[in-house]
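The values are calculated or read from the model by the stated rules, or taken from the named source; none is laboratory data. Remember, predicted model here, so these are calculated numbers, not experimental data. Cβ sites come from the backbone with ideal geometry, for glycine too, and all protein chains shown count toward neighbours.
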Amino acid sequence: MKHLGTALRMTVLTAVLLGLIYPLAMTGIAQVIFPGAANGSLVKVNGRVVGSSLIAQQFTAAKYFQSRPSAAGNGYDGMASSFSNLGPTNAKLIARVKADTAKLLSQNPGLKAGSVPVDMVTTSGSGLDPDITVANARVQAPRVAAARGMGLTSVLALVAKYTTGRQLVFLGESRVNVLRLNLALDAAQGVRGP
């Protein structure tokens, strides 16, 4: 009985300490130090939430840069974040990539079959990657510029402005956040939000 009492007291103490006090303390500290990140990195336009800089959204209009393809649920579903689990030799994946490549070639002037950036036709591990590669953004820039009636130089300048470098100088690749870039394009043309 002595050991049972000690075990029960430790269980209750540990549950209260690690299941209640610690999470509340970390949440409070995060709210004070990093309030934006603690609340989901929400992006607001004119006081209205239009998305999160951490979760991809589907953009289909020609005037917008498009995110990577998504395997999350019915496409860009944050509640069903997942990958397709199809290997590089899977016939279904090969057919989808070929179809996506053909669609991209028709939508993006000047894009050649052998120069399609990989992230334009492949999903990320979560299916919700909010970023695209700089090469992907540069390939889409002529389409976006033409659809908006903007100069290609202006669009590429915004791509450069919204390019984030490698983390800690050596981790990952340079990337462009699609939502932030599309909002910057709207702002440059005086559009008051999506």
Only one of (1) closer than 18 Å to Asp186 by Cβ; (2) surrounded by 14 or more Cβ atoms within 10 Å (Cβ to Cβ); (3) aliphatic (A, V, I, L, M) does not apply to Val49, and that is (2)
Just to verify a result, which residue in segment 149-158, among those that are farther than 21 Å from Leu105 by Cβ and surrounded by 16 or more Cβ atoms within 10 Å (Cβ to Cβ), is farthest from the chain's Cα centre (by Cα)?
Met150
Scan segment 26-58 for residues that are outside any strand (DSSP E or B) and under 16 Å from Leu181 (Cβ atoms) and jot them down.
Ser41, Ser53, Leu54, Ile55, Ala56, Gln57, Gln58
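Picking from Leu171, Leu104, Leu181, which residue would you name as being closer than 28 Å to Ala80 by Cα, touching a Phe, Trp or Tyr at 6+ places or on another chain (Cβ under 7 Å) and aliphatic (A, V, I, L, M)?
Leu181
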On the basis of being among the β-branched types (Val, Ile, Thr) and in contact (Cβ under 8 Å) with a residue 12 or more places away in the chain, does Val121 make the cut?
yes
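Being modelled with pLDDT of 90 or more and of a type in the set (Gly, Ala, Ser) is true for just one of Ala80, Ala91, Ala113. Which residue is that?
Sole residue among the options that is modelled with pLDDT of 90 or more and of a type in the set (Gly, Ala, Ser): Ala91.
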Does Ala61 satisfy the condition of being part of a loop (DSSP other than H, G, I, E, B) and among the aliphatic types (A, V, I, L, M)?
yes
Give all pairs with beta carbons closer than 6 Å in which a residue from segment 125-148 that is within 10 Å of Asn177 (Cα to Cα) meets a residue that is among the acidic types (Asp, Glu); count only pairs at least 6 apart in sequence or on separate chains.
Ile132/Asp119; Thr133/Asp119
Of all residues in segment 127-142 being under 22 Å from Val50 (Cβ atoms) and of a type outside the set (A, V, I, L, M), the one that is surrounded by the fewest Cβ atoms within 10 Å (Cβ to Cβ):
Asp129
Is segment 151-165 home to any residue that is out of contact with any strand residue (DSSP E or B) (no Cβ under 7 Å at 6 or more places or on another chain), modelled with pLDDT under 95 and among the charged types (D, E, K, R)?
no
Is it fair to say Pro69 is under 18 Å from Asp131 (Cβ atoms), without any contact (Cβ under 8 Å) to a residue 60 or more places away in the chain and either in the same structural domain as Gln140 (by TED's automatic domain parsing) or outside any loop (DSSP other than H, G, I, E, B) (or both)?
yes
For the condition of a type in the set (A, V, I, L, M, F, W, C), in the same structural domain as Val176 (by TED's automatic domain parsing), in contact with a strand residue (DSSP E or B) (Cβ under 8 Å, 6 or more places away or on another chain) and modelled with pLDDT under 95, what is the one hit in Val49, Val45?
Val49
